[in-house]
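Here is the structure we will look at, set down as structure tokens.
The values are calculated or read from the model by the stated rules, or taken from the named source; none is laboratory data. Because the structure is a prediction, the values reported are computed rather than measured. Here the Cβ is made from the backbone with ideal geometry for all residues, glycine too, and neighbour counts use every protein chain on show. Each accessible area value is taken on the protein alone, full model and side chains, heavy atoms only, with ligands, DNA and RNA left out. Shrake-Rupley method; radii C 1.70, N 1.55, O 1.52, S 1.80 Å.
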Amino acid sequence: MIYFDNAATTKPCDEAVKAVMNGLDRYGNPSSLQGMGVEAEKLINAARNAIAKSIGAADEEIYFTSCATESSNTAIFGIAKTLGKRKKRIVTTSVEHPSVAVCCDELEKHGFEVVRVAPDGEGRINADDIISAVDDNTCLVSCMLVNNETGRILPIEQAFSAIKRRFPQAVTHCDCVQGYLKIPLKVKKLSADIISLSGHKIHAPKGIGAMYIKKGVRVPPFMRGGGQEKGFRSGTECVPLICGFGAAVERYSDTIAERFEKAHSLRKYLFEKCDEHGIHVNSDMECSPYINSIALEGYKSEVLLHFLEQRGIYVSSGSACSKGKKSSVIKEFGIAEKYQDSTLRISFSEENTLEQIDSLIESLIEAREKLCSTR
Ligand code: PLP
């Protein structure tokens, strides 16, 4: 089995699995005052500390959620609620993940003015375009760090730092899901007021996410009730998954540079092989090396995906979230129409090898020989 779908989700690492099991064993309710509760609370706080340390935040600035989608929904609707009565503009990009894009679409229906900054002719989002879209009437700027379909890295640090200097009242939110523990990320350097994180993209289990909210930034709770997470996110904490998240962060936070180097070598090899065999590459060397968009012109992505699957190779067509729907993001990036329907996303983890890339390329050549082209 060759797994090249790590942008969709990752295999939980051994440390995370062990930590989940430990969290299941320590089944006290973290809100209980007796010893078992205190023990469970300690486990949560250790995971909170690992995440805070990894992004240069204080422990009190980290809140656990069920996933990054919940984090982004909470941030976007929350800021719209607190600041949106007087300030009606939201600045975002046209290439956001649906967990951000759909929230902005919804607010637009309720009277917000949403400005979606699009990539230039080279497929790059320019910091100046984000900055110049912000004005005194802007309540929120929400832009992703790494695009989940092409791996494009957005100039968030450049954009957000200029925005915070000129419009300190505008809240900056960044969906950091595909960049976290893959490229360097410190919240202060990024000038982000809020960020969204997901466990399952970094070898922790599914169903656990987190939010960083800078001290002093007010976001109202999305879920109300028993007042867990300092009243911000009610509901008994999922101790096992939080433990798994913390363990994965502990495992991967000190090896960002070396894993990046490895992903970079894999990507370089993939691009060389694609070039050698006439397979088009949509991404480029400025993108995250973990996410690579390629296209075998004339062959539908979904047909290719199943052809590869029969050979034990797992990839995505565009993004896993688009579930076979034509991705508007691929089009937004200016990828030529002839490649849009035949795009595959090859996303790496540290477990992938050059030999696996050879197998992928061999299978794509075989697909070209055996399948009917639409060209
Ligand atoms: N943001 C990006 C960029 C993603 O790639 C994903 C998942 O595909 C999400 C958000 C959603 O993450 P979660 O599954 O934790 O809600």
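Could you work out the local net charge near residue 236, counting Lys and Arg as +1, Asp and Glu as -1, over the other residues with Cβ closer than 13 Å to its Cβ?
Residues close to residue 236 contribute a combined charge of -2.
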Within segment 10-99, DSSP-loop chymotrypsin sites (Phe, Trp or Tyr not before Pro) with at most 16 other C-beta atoms within 10 Å are 27
Here, residue 272 and residue 224, labelled 7 Å along Cα→Cβ, have an inter-label distance in nm of 6.0 nm
Here the gain from full extension of residue 132 to residue 1, 0.36 nm per residue of separation minus their alpha-carbon distance, amounts to 42.4 nm
Taking a probe of 1.4 Å and leaving out DNA, RNA and ligands, segment 14-252 shows per residue an accessible area in Å² of 41 Å²
Treating only Lys and Arg (+1) and Asp and Glu (-1) as charged, each at its beta carbon, one finds that the chain has a dipole about its Cα centre, in Debye to the nearest 20, of 1320 debye
Along segment 85-91, Karplus-curve 3J(HN,Hα) (6.51, -1.76, 1.60; θ = phi - 60°) to the nearest Hz, with x for Gly and Pro, reads 6, 9, 10, 10, 9, 10, 10
With the dipole of the chain defined by +1 on each Lys or Arg Cβ and -1 on each Asp or Glu Cβ, the option from 255, 107, 45 whose Cα lies farthest towards the positive pole is 107
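Using 0.36 nm per residue of separation minus the Cα-Cα distance, give me the extension gain between residue 306 and residue 331 in nm, one decimal.
Extra length available between residue 306 and residue 331 comes to 6.7 nm.
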Residue span residue 102 to residue 169: 0.36 nm per residue of separation minus Cα-Cα distance leaves a gain in nm of 21.8 nm
Along segment 185-202, Karplus-curve 3J(HN,Hα) (6.51, -1.76, 1.60; θ = phi - 60°) to the nearest Hz, with x for Gly and Pro, reads 8, 10, 4, 5, 4, 6, 6, 9, 7, 9, 10, 10, 10, 10, x, 6, 8, 10
Scalar couplings 3J(HN,Hα) for segment 95-111 by Karplus 6.51 cos²θ - 1.76 cosθ + 1.60 (θ = phi - 60°), nearest whole Hz, x for Gly and Pro, are 10, 5, 5, x, 5, 9, 4, 5, 5, 5, 4, 5, 5, 4, 5, 9, x
Which residues qualify? For residue 65, with a placed amide H closer than 5 Å and at least 5 residues away or on another chain, they are 209, 210, 211
Here, the chain modelled as identical Cα point scatterers in vacuum has Debye log10 I(q)/I(0) at q = 0.06, 0.09, 0.12 Å⁻¹ of -0.23, -0.52, -0.91
For residue 84, other-chain or 5+-apart residues with amide H closer than 5 Å (H placed, Pro excluded) are none
Candidate cut points under GluC sites (Glu not before Pro) in segment 215-308, DSSP loop plus at most 11 other Cβ atoms within 10 Å of their own Cβ, are 286
Between residue 280 and residues 5 or more places away or on another chain, the pairs with built amide H atoms under 5 Å apart involve 295, 297
Heavy-atom accessible area of segment 240-349 with neighbours in place, 1.4 angstrom probe: carbon+sulfur share in percent works out to 48 percent
To the nearest 20 debye, segment 62-194 has a Cα-centred charge dipole, built from +1 on Lys and Arg Cβ and -1 on Asp and Glu Cβ, of 560 debye
Mean-square fluctuation maximum in Gaussian network of the chain, Cα pairs under 10 Å, restricted to 204, 170, 133, hits 133
The simple spin-label model distance between residue 264 and residue 297, using points 7 Å out along Cα→Cβ, in nm, is 3.1 nm
Restricting to aspartates and glutamates and to Cα separations under 14 Å from residue 370, and discarding same-chain partners fewer than 8 apart, the set is 362
Across 179, 37, 23, the residue with the highest GNM fluctuation in the chain (Cα network, 10 Å cutoff) is 37
